[in-house]
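The values are calculated or read from the model by the stated rules, or taken from the named source; none is laboratory data. On a predicted model such as this, the values are computed, not experimentally measured, just so you know. Using ideal geometry, Cβ is built from the backbone for each residue, glycine included, and neighbour counts are taken over all protein chains shown. Areas reflect the complete protein model, heavy atoms only, side chains present, ligands, DNA and RNA absent. Shrake-Rupley method; radii C 1.70, N 1.55, O 1.52, S 1.80 Å.
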Amino acid sequence: MRLIFILLLLFTFVLPLSCAKKQDEISKVISEVEKKETELKEVGIPSFLLEEQKTEEQKTTETNTNFLITEKPKEITSTISPSEKTDITVFEETQKEYKPIVENYIPQKIQTKTPEPKKQIKPYKLEKTYRTNSLKDFKIYFSYKNGKNYIDKKNLGKITTVVYVDKNIWYIDYNVYAIPSKFFPKYRSYLNEKYLIGIGRNISVVDSRSQLTVYWSGVNLNKKFLTNGKYHIVVNITLKNPEKKPLSKVEKVLGKNSPLEVILAN
């Protein structure tokens, strides 16, 4: 019990006294620090500290300037091989000798081609190199209708032309004319439309034979009546090749041994 009582006394009296002492010591230290700070503010920074600070700043500036001066730029070492150097020198020499072509350029006149004159197509002429053996035979047949010896509107005249040719003739053109007897001595001058009474174009040749029949009542192809009188029948044929190109012309007058006259009486 004594021990417990002693301990209680210590806790109640001794410990508070020790804590109070410690607080007094701490307050004293704080007051001394505050006094020193106030003294420093009043007195200022000592001169020896300022001189030391200046010397340190000078040293730093000198070291920086020395670093800038002593530091040299690094040399760039080229990695070009000797063969590449020679290529570069050759290129530089060629560039010195090179002169642009534009300086010596002289403009040339543009030569325009003159258009060639168009070829004039000449009218086709019948070939003179006609082979006589191409035409084998050429016959004209005539007959009156109903046994009459004249031609009128009711009694027509029948004119049949038959041509025999070689195998190289494929087509034949026919022109049948009625020429007045008074013009017969110069009948070739009257082979025109006025006296043209029948035609046939590109009549085919079959088995080397071609034929055309015309019935005449006294009118021409323009349906105009010719004057009554005596007429000579003339047939003009044109021989053609497979391309229908004319090769030759042949004409014949009705009448085997002597020209035959046909009477027109409308």
### Query
Which condition number in (1) free of Cβ contacts under 8 Å to residues at least 40 places away in the same chain; (2) out of contact with any helix residue (DSSP H, G or I) (no Cβ under 7 Å at 6 or more places or on another chain) is the one that V163 fails?
(1)
## Note on the structure
Scanning region 176-218 for residues that are in a strand (DSSP E or B) and under 54 Å from the mean Cα position of the chain (by Cα), the one farthest from D166 (Cα to Cα) turns out to be I199
### Query
From the list N236, N266, N192, N228, which residue is over 20 Å from K136 (Cβ atoms), touching a residue at least 60 places away in the same chain (Cβ under 8 Å) and either open to solvent by 30 Å² or more (accessible area, probe 1.4 Å) or not aliphatic (A, V, I, L, M) (or both)?
N266
#### Entry: Test result for N220, out of contact with any Lys or Arg (no Cβ under 9 Å at 6 or more places or on another chain) and either hydrophobic (A, V, I, L, M, F, W, C) or within 19 Å of L156 (Cα to Cα) (or both)
no
